[in-house]
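Reviewing the structure listed below.
All of the numbers you see were taken from the coordinates with simple rules; none came from a lab. Source: prediction; values computed, not measured. Every residue, glycine as well, gets a Cβ built from its backbone with ideal geometry; the counts of neighbours run over all protein chains shown.
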Amino acid sequence: MPASMGHAASERTSLRRRVGVLGCVFATLVVFSIGLATLMVRAWDRAVDDRGQLRVAAAEVADLRLAYSDQETGIRGYLLAQDPRR
């Protein structure tokens with residue numbers, strides 16, 4: 001019987017060690033996942049900010065195009081009228 005008791009004690013130690021290693025692996029995966037999620041949220045936040053800035057720039061470009069078109073139309077109308085008050 002003493003031989004089987006020694007064998008059971010080594011199995012318990014082995015089981016404890018396995019559970020401990022499994023717990024450490026799990027904790028490491030949780031920490032890694034949290035870090036990865038944090039990085040992804042930061043990247044997403046930057047992308048949203050960049051997109052907002054691009055929308056502002058696109059609106060400014062549209063305003064500039066409209067102003068250019070209005071100016072071109074005004075000059076064309078002035079030239080077609082051939083106003084002598086140049």
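Estimated at 0.36 nm per residue, the fully extended path between Val31 and Tyr78 surpasses their Cα-Cα distance by 9.9 nm.
Near Leu66: Cβ cut-off under 15 Å, other residues only, Lys/Arg at +1 and Asp/Glu at -1. The net charge is -3.
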